[in-house]
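Q: Here it is: the structure, laid out below.
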């Protein structure tokens, strides 16, 4: 558990939440076209994209720090 990256776990949870919300919002959007629902879908998609990018950056930084530790030994 020493190298467990809690920020990545938290971001994965948030991203999963936004993905579920996105599926529900798109389902509602298919039933009736409402501007607020369309905006919700676009905003949620953008937030999911940002969260996925942050997760990837944190994973890459974590892997680089592990490699740096191994290199220094």
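Q: Given the criteria in contact with a helix residue (DSSP H, G or I) (Cβ under 8 Å, 6 or more places away or on another chain), in a helix (DSSP H, G or I) and without any contact (Cβ under 8 Å) to a residue 40 or more places away in the chain, does residue 51 qualify?
A: No.
Q: Could I ask something else about it? Of the conditions (1) assigned to a helix (DSSP H, G or I); (2) at pLDDT below 80; (3) exposed (fewer than 15 other Cβ atoms within 10 Å of the Cβ), residue 11 satisfies every one except a single condition; which number is it?
A: It is condition (3) that residue 11 fails.
The values are calculated or read from the model by the stated rules, or taken from the named source; none is laboratory data. All values derive from a computational prediction rather than experimental measurement. Note: ideal-geometry Cβ built from the backbone for every residue, glycine included; neighbour counts use all protein chains shown.
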